[in-house]
1. Quick check, is ARG58 outside any helix (DSSP H, G or I), among the charged types (D, E, K, R) and in contact (Cβ under 8 Å) with a residue 24 or more places away in the chain?
2. Taking the stretch 1-54 as the search range and keeping residues that are within 20 Å of VAL78 (Cα to Cα) and β-branched (Val, Ile, Thr), which one is modelled with the lowest pLDDT?
3. In the set GLU17, GLU22, GLU67, GLU6, which member is touching a residue at least 12 places away in the same chain (Cβ under 8 Å) and more than 12 Å from the chain's Cα centre (by Cα)?
4. Mind checking which pairs have a first residue in the stretch 112-134 that is assigned to a helix (DSSP H, G or I) and a second that is at pLDDT 80 or above, Cβ under 7 Å, 6 or more apart or different chains?
5. Would you point out the residue of the stretch 55-79, among those that are of a type in the set (Ser, Thr, Tyr) and surrounded by 12 or more Cβ atoms within 10 Å (Cβ to Cβ), that is farthest from TYR10 (Cα to Cα)?
6. I want to confirm something. Restricting to the stretch 31-54 and keeping residues that are assigned to a loop (DSSP other than H, G, I, E, B) and closer than 19 Å to TYR10 by Cα, which single residue is most open to solvent (accessible area, probe 1.4 Å)?
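The values are calculated or read from the model by the stated rules, or taken from the named source; none is laboratory data. Remember, it's a predicted structure, so these values are computed and weren't measured experimentally. Cβ placement follows ideal geometry from the backbone for every residue including glycine, while neighbour counts extend to all protein chains displayed. Remember, those area values only see protein heavy atoms, side chains included, never the ligands or the DNA or RNA. Shrake-Rupley method; radii C 1.70, N 1.55, O 1.52, S 1.80 Å.
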Amino acid sequence: GPAVPESEKYDTSAIPEDERQEAVVRGGEFFRTNCTACHNFAASGGALPGGKFAPSLRGVTNKHIYEAMLTGPQQMPVFSDGVIKPDEKRDIIAYLNKVESDPGYGGASLGALGPVSEGLTAWLVGIGACVGFAVWIASSSVRSKKGIKA
């Protein structure tokens, strides 16, 4: 396989401060276009066909992300330096670092799995509340008080 990359290839602190935001934007464009189908928009991973899965990219070191792009583990395609330049890979890693460091706006992320987990939670909580309310109304109505003689 490919050699272990040198740290300057994946070290995002080597990006000059005035170019860092541009690098994050470029990396984000590539990630959202090519990687979100498997790794999710929030880099949280996901299921793939054939019992495989795309792992979460949160908490993964820059070196491991770079190596994964070079080797293409499981069903991931190989992104050699001829396909994606080392600077572009570093931009992607800068974007992933930014995603991981951003606060979770909008409340609970529910695993950042997207609309499926959010919709399921809304249905369970919403329908559960409606059923609980209906049971409470039915148990406290006048008709349910059987056996009371007037």
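1. Details: outside any helix (DSSP H, G or I): yes; among the charged types (D, E, K, R): yes; in contact (Cβ under 8 Å) with a residue 24 or more places away in the chain: yes.
It is true that ARG58 is outside any helix (DSSP H, G or I), among the charged types (D, E, K, R) and in contact (Cβ under 8 Å) with a residue 24 or more places away in the chain.
2. Residue satisfying both the conditions and the ranking: VAL4.
3. The conditions single out GLU67.
4. Pairs that qualify, where the first residue is assigned to a helix (DSSP H, G or I) and the partner is at pLDDT 80 or above, are ALA112/ASN40; ALA112/ALA42; ALA112/SER44.
5. Looking only at the stretch 55-79, we keep the residues that are of a type in the set (Ser, Thr, Tyr), and these are 56, 61, 66, 71.
Pick out the ones that are also surrounded by 12 or more Cβ atoms within 10 Å (Cβ to Cβ) and you get 56, 66, 71.
Numbers: SER56: 18, TYR66: 6, THR71: 15 Å.
The qualifying residue farthest from TYR10 (Cα to Cα) is SER56.
6. Just the residues of the stretch 31-54 that are assigned to a loop (DSSP other than H, G, I, E, B), to begin with: 35, 40-45, 48, 52.
Then keep just the ones that are closer than 19 Å to TYR10 by Cα; that gives 35, 43.
Numbers: CYS35: 24, ALA43: 4 Å².
The selected residue is CYS35.
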